[in-house]
Structures are given as structure tokens and as C-alpha cells.
Amino acid sequence: MDDVAKWLDGLGLQQFVSTFALFQLDFDALRSLSDQELQEMQIPPGPRKKILAAIKLLNEADRPPERRQITLLFCDLVNSTEYAVRLEPEDFQILTETYLQRCTNIVRSRSGMIVNYSGDALLALFGYPFTEEDDADRAVQAALDIVQIAPSIDVSGGPPVQVRIGVASGLAVVAKLLGANKGGPPVPYGPLPSLAQRLQALALPQTVLTDQHTYNASTGAFEFTDIGLHSLKGLPELRVWRVERSRILESRFAKKTRLFRLVARSAQLRKLVTHWDKVVAERRGRVVFLSGEPGIGKSRLAFEVQQRIARCTHLSLQCSATFSNSAFYPFLNLLKRYAGIRDGDPPHVTRSRLETILATSSVSKEVSLPIFERLLSIPQVPVPQPGPAPVELSSGRQQAISRRVLVDWLHHVAQLNPVLATFEDEQWIDPSSRDVLDVLINEAPSHPMLILVTSRGKSAETGRKARHVFEMQLKRLSRRESQTLVHDVAAGANLPEEVRARVLNKAEGVPLYVEELTRAAMETGLPHDPQEQEAPKSDIRVPRVLQLSLLSRLDKLGSGKVISQVAAVIGREFDLKLLAHLCGLSRRALGSAIVRLTEAGLVAPQLFANRSSYAFTHALLQEAARSTLVRERRQELHRLVAQAIESLDPKNAAEHPELLAQHFAEAGMFERAADCWLSAGRNVAKTWAKVEAANMFAMGLACLERLPVSRMRSEKALRFELERGDVLYATFGYVTREGSTAYRNAMRLSEELGDSEALISALDGLFGTAFNSARFTDAEWASDQLIEIGRKSDSLRARVLGLQFKGMSIFCGGNFRGARRYLERSLGYEAQEKLIGSDFPSMAYLYLSWTMHLLGHPRQALEQYSKAEAVTRRQAAARVERWEYRLSACLGNGCILLALQNNTAKLKEATEELVPLAHDHGLNLWENMGKFFTAWAMESASHDPAGLQSMQTVCDRLGEQKIDKSCYLGLLASAYIQSGNLGKAVAAIEQGLEHAASTGEYYFAAELTRLRGEVQLQLKDDPVGAEASFREAINIAREQGAKTWEIKATQSLASLWDTLGRQFKIDSDLELVPAELKPRPRGRRPFTSRLA
């Protein structure tokens, strides 16, 4: 309180220091004092005006421009020109001034401010310098009050005064007008003032029109009529609402127009109902303090208790931040509702109803009536009293009498019928009401009352340890509970899972946030076309109702708000050393502000971290604090944060350049940001988090797009595209839209820059993604491009990679002889492997091993695989670039060879190494392959059904990974045949043949066709069909030169003939060849081998 005392002393009003201390007003609370509250503190008119003027200057001194959610009221006098013509100038002046003064008084009584007078029109602002959750309500009520009093303004000999009013809510920048006098009103910038004025112009006399935002905020407190869509000058078409009348509300929660199922509060509800039952049974009162952060569901739980209690008198007391220094505010509001006292009632009616209440107290009406007449602003009627004039009671004595009257009245109500008294938002209680509540708590055991007190923070300690006082704290919802609430709110809406996940992540288990964010997602996150499944990727906007709630908490911090804004720019988590540096404060000076932020529930010290580390208790609080900063100030702070991190914590800056990247980007320093994103992406790409790395590269590219076109920008973009393509290729293995785009952009940029090496790298990546997606035409095109570049520019790297890629591509097409030629030609340059790079020569050896096996040379195949393994293990030991990908590729491709050779033992060793390696480095393609062959080995060794199921699961989840899919399905079908599950074998074979036909992956086509014959024979007992399939398999194998497939198909055909008693003979090349099998013209098949 020392700062308040010094401030009052500076005004020459040190005599009021004790009064301010009595009402517990610190320097931040002082800023929000109103004239009415100063009157209730019994400050005389002269000092009161002095204090109000000083408060105004205090609030406006050096206040920077702010982005605010505000409500504007524009009021204009109807037919003012006619009054000006008909009345004398002096009379018109009096009329205008009277009208404007009456309007101004109403606006100020509702905690608004006049920001502009223009002739007989005025613009009023609500929500500045302090945001309240009911800003729109107060603006609309002020508008109705103005409409009500307008006709009572005296106009000599003329029609009654009428007004038109428009009310609009939304985002604006509020700032001082450049060059305006100190102490002048702020100015709202943006479309909102024009919208309020256009609504006023549209309104009929004596009506109030609002926009959709105001309607959304106030629909529970007022009755509206929809007057349809309107096109207002200079503004987009919008829906307009006419305000009809206000509704009587007992609490803020009563504004809710729709309630969803109560989630995760059943236990607390049962406890509260049990407390009530005991109050009724024992005729003894109880008190329950219900605490929790804003939006946690305290008011909802209090409402549900009321709904489940029958035959009770429910009294609702609602505290308000706006009236936190207004004496007895919640009790006087309750008294007026209970007694039926309404604004506008004649004084004698109000007095009569008041006397009925006062009669329930032990205090005589003669003493209490004058006090409550002043409290309720009822005009007092002097009554002559015989004898000497009564002695004026001291303020302390009047307060004690008022407290006793209110307590007696509530006790009287409880004796008539048990009372449930809900006392909401106790954190905003005024000191006088605090005293009344304390007495009610202490005396509760003598009266049948359940007093339910809700509070955002720690309540007063009065009576806390008494046996009749209980505490209950509400926690955040679990993710599963939050999912239930999202489901209820979005009932019937096709809200995609991705959007639901974003809602859950952003809401962090606070029920109000879950509800409002889900509604916002339903408005902005749903596809326009019901058939469209992909939702927009943009983040969910924070609804206005939540912004107001969050900003209201921030505005009450006083000077602490500036600290919170700077902290919010640093991030959700912030370090005090960094914050103190940015604020220009010592750690000690900053400490008191942090304590206040912590006590307000806005930040909390980080557990398991250094004590100097704090975090906002909710992400939306950080977002709200940051959102109030105007763009220029926000950019300046982000620049200062980045520079401070570099200077104060260089180690952290080097390890996490993504922190710098975000701050530099927000500061508009896009080149620095791009450089940091590149470093960050490269760091992360070395771990399993390949997708995150790709996202970082994409953000770096977005920063580059903000720079002017230049060679430097293109060179940086080329590096980003190649890096992004590589991590996506490493992660998925197959073509993704982003990966393909990255490599194609890299090709375009490398050609523009004349960078042949970059062009080779881009073609390398484009081949890989196309190949692994079984897009062999694109893969061969990339191969041919590399071969051509090698020929024209004499680039050994391009030539060798082109040869290797060409061999791999035509192998998949079933041209094994051609594949062998290309692969062996590429391996002729093995000595130059360091110059060539990429996955040479290991991948050439691997595909040559497959080729040799299918050509009928299994021993040579193993030799080639051994060479591939030796190369990759040497590279892994040296930790060359992408060593983990190369080793995973070697082990994975080796699994196929080992499975074809039925080498289960060695295959099991390979998968035991492959699966954890691929998983740890985020290599999905190779992890899938490892899991498949782990299951294959399990099934082969012990015919374990779990192995078959795992194989099937991998096949079902391959998605866009199409390479080798026909092989997987062929091995799966063979396993199903061995287990006797012929139905599933048929499905796998058909799927494999369809895949081969659609992609051109024919290297397993002969085996799939043979397996089809085996199933035809066993399932359908169709030897004719089986023979046709075996013959077709032999023909495919012979055309491909696949001796291995030809042998297997011939053996199957020979076995069939043996069963049928037919003859066959041994061939010199093949162990079993049917005697009748002679070369013959082949008819059209569903496959066409792509031979080079």
C-alpha cells in the first residue's frame, strides 16, 4: 500500500490513506475505481474529482497502442436538423448538451467511456482500458437505458427526443490520436467504428441494432430479433439484430443458452447433494468452497446442484470485477431481485418493498432505512422529527448496521425454507460483502443453509478449519473426458479427427475452452463440401468469448500486464533471466511482479526445472497476452528476444536454432529466420524426427518466399528443397505430394541456377520416391535423364547413378537379363563410390543379388548380398551421411533375398537388427519391411498363426508404399496355402496380380501365377485351370529369363501330371520339364513385361 500512500500524498490527499487501506485498494485496483465507488467510500466531491482526474491520467500515461476486443456504441439524435431550425440557438444548445450529458452519464455508469462527440452524435467505447467478460452486455444495456431516457428530455413545444443506436463488437487497435492533448480520449482504429455508425443509420427511431458478434456475446442476457442480412456501405454483407429487452439474470451462468452433458463431475455433484441432504436433515448449515481456474466448470456444477435439489429456496449472489469495490454489490443485487425492486419504479414503491426486507432484522427500520436508501440510490424524503436532530452515524457504524441487516434477512429466509445460497466468483468480492459472507459462514450451523462459494483462487481463511466448512477443488479434464465433451458439442457434425485433436491440444482439459473451441472449429474447420474429407489446415481461432475472459484477467494485472506481454513473446515457457533482461529490470525487481502473476494463476514455476523457469498455466493465456501487442511492438520484442537468446545463452541458441528461427520470423527478419530453420532442420533430421525436420524446412521456405526474388534466395531455396525431399524420402520411402514437389522444385531451381550437381541430387531423390511408389515410368525417366546428363557433361556421378537406377527399374518390370547388364555396368565404377555417393554401390549389389537369384544363380546372389552388406557396414562404422538409411535398406532388401532362399535363421538375425534401427530413426518403409519378415520368419519356423496375422496387418497398412508389394502378397499367399487357409490365399494372390497389372511390378508375377494354380487345384479341384496357371507361370518366367520361377512352376506342373498319371521328362537345365512342354506362340496375358 506504500505506492498508494505516496500517490495520494502527491495529490495532497494524504488524509484518505487510511480509507484506501480499509478497502484494501492496492495500486492496480486503484486504476479501476469509479465515481460511484468513491462515493460509497464516502470521499467528498472535491477530492473525488481530483482522484478521478488523476486516475484518468495514470491510466493514459505512456499507454502504448493495443489490439483489443472491444464494443462500440454509436448514438445519434433523430431529426436534429428539425430541432435546430425550429428552436432558438440557445435552446438547441441546451437540448443538445442535456441529451449528450444524459447519454454520457449512462455510458459511464456502465463503465464505458466516450471517445468522440460529433455534433449531436457520440461514440462510446466498452472494454478499454480494462476488458470485462460482459463488455457487450454493458454496452447493450447502456443503449437500452439511453432509449428509455431520451423521451424524458425536455423539449419546449416539440416532439419527444428520439435516438438511433448501433452497437458493434470486435477487434480494433486502440491508441492515442497523434498530436492529441495529454488526457484526451483514445481512438479505436479499424472497421468497427464505421460498422457501429452504419448500424445506427440503419436503425429506426428508438431502436438498437447490433452485429453478429454483439448478439453472440449478449444473446443470453437480452432478447433479440433477427432482421436479416444487410449490405452496409463499404462493409461486407452481415446479419443484423434488433435488441428488444433485457432479461433478468441471477448469475453469469444464466446467460448460457445451451447446456451439454456434464462430464467428469459426477462424484463432486454427489458430494454436494449429500451436503444438502444433511443440511435439511440436521437443520444445520454447511459451507462448501468450490475452487478452480476460470472455465473449469464451477458455475456449471453449482447450477446442476440447484437442478437436483427440490423444495429449496435458491439465492444466487454474483460478484463482479467491475464492482469489486462497490459496497455490498452482490447482496444488494440479490435484495432487489428478491424484493421485486426494479429500475424505474416510483420511489414510494421501492421504499415499501425495501421496508418489507428491513422488517426481518433486529435493527429498527428508522435506523436502517436511511442507510439502505443511500445504498440503493432511493431519493430520501425528509420527515420532521420532534426533539433534537438525530446524531449522524459514523461510516463504520453504518457498515456494521448494513451487515447485520443483510445477515438477519438471509437467516429469516432460511427459517422459512432451507436455502441453497450460491456465491459466485468470490475472488471479486468487495470488502463490505466479504464481511457479510464471513458472518454467514461463522453463523451457518444455526441456520439451514448450504452456502456454496465458487472462486478462481484461494479464498479467505475465515472459518476454513471449522467442522461445517468443506473444500472442493476442480481439476482439468483428462484427454478421454475432453474427447467425450467434444463429441457432445459436435454431435451430428462431421468434425474430422485432425480438427478434434487440435481442439483437445489447444483446450488442455479446461471444459469451457473445449466447448468454445469445438464450436469455433465447427464454424471454421469443416469442409464446405460434405463429400470433402480434408479439413482446412489452419489453426482454430480463439472465440471472442474466450478472448474476453482471458484479456479480462490480464488487464487486472496493472503494471504486471506489460511483464506478461513480454513473457508471452518469449513463449509458453520463459526464463526469468531473459525476461528481466528484456524488461530492463533486476531479477529482484522482477520477482514481485512474477509473484503477482503466480498468485493470479497466470503463470507457474516449472517443476523438474530450474526455479527461474516459469510457464503460462494455459497456452491461451500466452496467446491472449501476446495478441494485445500491435504488430510493430510485437516484431520489435521478437527481435530483442532472438538477440538476447544469442547473447545470454549461446549454447541453447546453437542447440535449438528453431527458437531463433521463430522469433526472427515473427520479427520480420526472414533471411535470418530461414538460415536458422535450415540449421534446425538439419539437426533434427539426424534423429528419428524426420517429419518434424521436413516441417522445419517447409517453414524456412515460407520465410524465403517473403524475401525479394534474387539469386541468393534461389540458392537458399534449392538447399531447402533438397533437404526437405531427402527427409521425406527417408521417412516414407514413397512419393508424397510434398516430397515430389520438393524434388521437382529443386530440379527447376538447379536448372535456373545452372547447378548440375544439384540437378543430379534432385533426380536422385525424384527417382527414389517414384521407384518406391512403384511409378516405374517416372523412375525410368529420372534414370534416363541422369544417363543423358552423364553423357553430355561427362559426369561420372550422373552416369553411374543412372545405370544403377535403370537396372533397378527394369528389374521390377521383369527384365532380369537387362537389369543384370545395367547393374554390372554401374558396379564397374565401384572404386569411385565416394565420388558417386547416394546409395551406390550397395543398392546396385542388392538388386544384382535379387537378379542373380531369379536368373537361377543363388550362390552368386548371396555373394552380391555379402558385398552390399560389407559396404553398408563400413559406411555405418564411419557414420557417413545417411548411414542409418543405407544400413536399413541393405538389411531390408536382404530380407527378401533370404526369404526367397528360405534362409530363416539369417533372415531372423537381419530383422532383429533392422526393426529397432528403422524405428529409432523414423524410417517407416524399412520398419514395415522388418516387421513383415519378422512375422514371415515366425510363421515359417513354427507355423504360428500370429505370424500370419502380423504379415496381413503389414500388408493392409502399406498405404502409398507400393514397392515390393507383389512380393509381400506372394509370400503371404504362400504362407496361407501352407496353413490351409486357401480363402485368404486367393485374396492375397488376386490383390498381388492386380497390383502387378496396375503398376508394372512384374518380378513376382510368375510366382503369383503359379500360386494361383496351387489354389485352383486345392480349393476348387480344378486340374485344368491349375495346369493353365502353371503353364502361364512357366511362360512368364521363360520370357523374363527367371530360371528360379521356371523351376518352381515346372515342379508344380510335374506334380500335377504325376497325380494325373501323365508322363514327364528331366531337362538338362531344369530338374523337371514336362514332355509336352514345347515352345509355342503365347497368347495375350494380363501382363506385358517391359523389356529394354
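No value in this document is a laboratory result; all are computed from the given coordinates. Please read all numbers here as calculations on a predicted model, not as lab measurements. Positions of Cβ are backbone-derived with ideal geometry, glycine not excepted, and every protein chain shown enters the neighbour counts.
When you count, for each residue, the other Cβ atoms within 10 Å and take the mean per peptide, how do 921-930, 411-420, 846-855, 303-312 rank with the highest first?
Numbers: 921-930: 23.6, 411-420: 17.5, 846-855: 25.9, 303-312: 15.0.
The densest-packed peptide leads the list: 846-855, 921-930, 411-420, 303-312.
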Check your understanding: Counting Lys and Arg as +1 and Asp and Glu as -1, each charge on the Cβ, what is the dipole of segment 854-894 about the Cα centre in debye, to the nearest 20?
Key -> 100 debye
Check your understanding: Put +1 on the Cβ of each Lys and Arg and -1 on the Cβ of each Asp and Glu in the chain; which of P543, V1024, W241 then has its Cα farthest toward the positive end of the dipole?
Key -> V1024
Review point. Does a label point 7 Å from the Cα of S1055, set along Cα-to-beta-carbon, have any residues of segment 1021-1042 with amide nitrogen under 18 Å, and which are they?
Key: 1021-1035
**Study point:** Degrees separating the helix 816-827 axis from the principal Cα axis of the chain, which is the longest one
**Key:** 80 degrees
Study note, to complete from the structure: One finds the C-alpha centres of segment 93-140 and segment 900-947 to be spaced, in Å, by 75 Å
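What ranking of K465, K506, K792 emerges when the number of other C-beta atoms within 10 Å of each C-beta is taken as an exposure proxy, fewest first? Numbers along the way, then the final one.
Values: K465 7, K506 20, K792 10.
Listing K465, K506, K792 from fewest to most nearby Cβ atoms yields K465, K792, K506.
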Check your understanding: For the pair D649 and K1020, how long in nm is the line joining their label points, each one 7 Å along Cα→Cβ?
Key -> 7.0 nm
Review point. Between A1042, L993, Y976, whose Cα lies farthest towards the positive end of the dipole of segment 962-1074 when Lys and Arg beta carbons carry +1 and Asp and Glu beta carbons carry -1, centred on the Cα centre?
Key: Y976
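If each residue of separation counts as 0.36 nm, what is the full-extension length gain between L235 and Q162 once their alpha-carbon separation is subtracted? Mind showing how you got there, number by number?
Values: separation 73, 0.36 × 73 = 26.28 nm, distance 2.65 nm.
Contour length minus the Cα-Cα distance gives 23.6 nm.
If you take the square roots of the eigenvalues of the alpha-carbon gyration tensor of segment 635-734 and sort them as a ≥ b ≥ c, do you get rounded (a/c under 1.5), prolate (a/b over b/c) or oblate? Write out the running numbers ahead of the final one.
Details: a/c = 2.54, a/b = 1.33, b/c = 1.90.
Cα axes put segment 635-734 in the oblate bin.
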Review point. In nm², what is the average projected area of the convex hull enclosing the Cα atoms of the chain?
Key: 59.1 nm²
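With both bridge residues required to lie in the chain, what share of the DSSP beta bridges run antiparallel, to the nearest 5%?
Values: 45 of 71 bridges.
Around 65 percent antiparallel, to the nearest 5.
Under unit Cβ charges (Lys, Arg +1; Asp, Glu -1), what dipole magnitude, rounded to 20 debye, does the chain have relative to its Cα centre? Write out the running numbers ahead of the final one.
Values: 134 positive and 128 negative charges, 217 e Å.
Dipole magnitude for the chain comes out near 1040 debye.
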Review point. If the cut-off is a Cα-Cα distance under 12 Å, which aspartates and glutamates reach K475, setting aside same-chain residues fewer than 8 apart in sequence?
Key: E293, E508
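So which of K931/K962; K806/K931; K834/K867; K506/K561; K716/K834 end up more than 19 Å apart, counting from Cα to Cα? Mind showing how you got there, number by number?
Numbers: K931/K962 16 Å; K806/K931 28 Å; K834/K867 16 Å; K506/K561 22 Å; K716/K834 25 Å.
Too far apart for the 19 Å limit: K806/K931; K506/K561; K716/K834.
Filter K50/K298; K792/K1043; K298/K336 down to the pairs with a C-alpha to C-alpha distance above 29 Å, please.
Working: K50/K298 40 Å; K792/K1043 38 Å; K298/K336 25 Å.
The answer is K50/K298; K792/K1043.
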Practice item. Among the aspartates and glutamates, select those whose C-alpha is under 18 Å from the C-alpha of K690, and discard any that sit fewer than 8 residues away in the same chain. Key: E655, E658, E721, E723, D726, E738, E881, E884, D920, E927, E960
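Rounded to the nearest 500, what is the 222 nm mean residue ellipticity of the chain from helices alone, with -39500 (n - 2.57) per DSSP H run of 4+ residues and division by all residues? All intermediate terms of the calculation are to be shown ahead of the outcome.
Working: 48 runs with 643 residues, N = 1092.
Using -39500 (n - 2.57) per qualifying helix, the result is -19000 deg cm²/dmol.
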Study note, to complete from the structure: 1/(1 + (r/R0)^6) with r = Cβ-Cβ of E636 and K271, R0 = 41 Å, i.e. FRET efficiency to nearest 0.05, evaluates to 0.20
Point to revise | Dipole-positive endmost among N902, H853, A876 within segment 850-933 (Cβ charges, Cα centre) | key: H853
Practice item. Could you line up C967, C583 from fewest to most neighbouring Cβ atoms inside 10 Å? Key: C583, C967
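Please give the length that would be gained between R283 and R1062 if that part of the chain were fully extended, namely 0.36 nm times their separation in residues minus their C-alpha to C-alpha distance (nm, one decimal). The partial results should precede the final answer.
Values: separation 779, 0.36 × 779 = 280.44 nm, distance 10.31 nm.
Stretched out fully, the R283 to R1062 stretch lengthens by 270.1 nm.
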Revision key, fill the gap. Of segment 555-592, those with amide N under 14 Å from the point 7 Å along the Cα→Cβ vector of S613 are 571-578
**Study point:** Label-point separation in nm, R63 to H943, each point 7 Å along Cα→Cβ
**Key:** 8.5 nm
Exercise for review: In nm, give the distance between the simple-model label positions of T98 and R706, each being 7 Å from the Cα along the Cα-to-Cβ direction.
Suggested key: 5.8 nm
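Contour minus end-to-end for A359 and K49, with contour as 0.36 nm per residue of separation and end-to-end as the Cα-Cα distance? Intermediate values should be presented prior to the final figure.
Values: separation 310, 0.36 × 310 = 111.60 nm, distance 3.71 nm.
Gain on extension, A359 to K49, equals 107.9 nm.
Is segment 306-454 rounded, prolate or oblate when judged by the Cα gyration tensor, a ≥ b ≥ c being the square roots of its eigenvalues, rounded requiring a/c under 1.5 and prolate requiring a/b larger than b/c?
Prolate, because a/c is 1.5 or more and a/b exceeds b/c.
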Point to revise | Prolate/oblate/rounded call for segment 850-933, Cα gyration tensor, a/c under 1.5 rounded | key: oblate
Practice item. May I ask you to derive the FRET efficiency for S352 and S118 from their Cβ-Cβ distance with R0 = 45 Å, giving the value to the nearest 0.05? Key: 0.50
